[in-house]
1. Cut-off is 10 Å between beta-carbons; in what order do 22, 16, 79 appear when sorted fewest neighbours first?
2. How far is helix 193-204 tilted, in degrees, relative to the longest principal axis of the Cα atoms in the chain, given as a value from 0 to 90 rounded to the nearest 10?
3. I'd like the distance separating the alpha-carbon centroids of the stretch 47-75 and the stretch 171-194, in whole Å.
4. Measuring from the lowest to the highest alpha carbon on each principal axis, how far does the stretch 3-204 reach, largest first, in angstroms?
5. Tell me, 18, 183 in order of fewest to most beta-carbon neighbours within 10 Å?
6. To the nearest 10 degrees, how steep is helix 151-166 against the longest Cα principal axis of the chain, on a 0 to 90 scale?
7. Rounded, prolate or oblate: pick one for the stretch 27-140, where a ≥ b ≥ c are the square roots of the eigenvalues of its C-alpha gyration tensor, a/c under 1.5 means rounded, and failing that, prolate if a/b is larger than b/c, else oblate.
8. Suppose we keep just the DSSP beta bridges with both residues in the stretch 3-204; what percent of those would be antiparallel, to 5?
């Protein structure tokens, strides 16, 4: 079966901007296309506060996205109410921990993390927030807490990071069509889901 890999990080602001288009795309894809998520892992675990220049850089990214992808919203209170850390691996592992319990809740966990970060000004680098989100999804909180920082969960994340690089993903979000040993990148267009759908359908026919 032809596969379409979606490579992402739940704390990637461009992935947040791509969410509306990606939702439309998924509903339009044929059942014969196997969609598989891979976590790219933007930033390893860190307890250090994010340097002021890095915070300023990310805020500028948010402002750029708001201009380039109309309708994308960010809550800038995050930068004053939270202690930002350059650490997205916890959020990535949270997606895996949710998948390990209930695979059909992987997408919901991604959405909850993004909404908490970008709309509610909460910090997905913090385990307590991720465990709270798991509870809201009616996952087993005790098992989730264990899985979140387990060697198994970390090993899965590292395998997905390696795989995403091997198939040619160099940024997030990325779409990669896989047919046997052939991998074809699909150009991302944040404002025109129909264009991406046409490119995917065309690539899947070759």
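1. 79, 22, 16
2. Rounded to the nearest ten degrees, it is 50.
3. So the two Cα centres are separated by 24 Å.
4. Principal extents (Cα only, largest first): 46, 39, 29 Å.
5. By the 10 Å Cβ count, ascending: 183, 18.
6. Rounded to the nearest ten degrees, it is 40.
7. Taking the square roots of the gyration eigenvalues as a ≥ b ≥ c, the stretch 27-140 is oblate.
8. 60
Laboratory data are not the source of any read-out in this text; all were calculated from the coordinates shown. Model, not experiment: these values are computed from the prediction. Every residue, glycine as well, gets a Cβ built from its backbone with ideal geometry; the counts of neighbours run over all protein chains shown.
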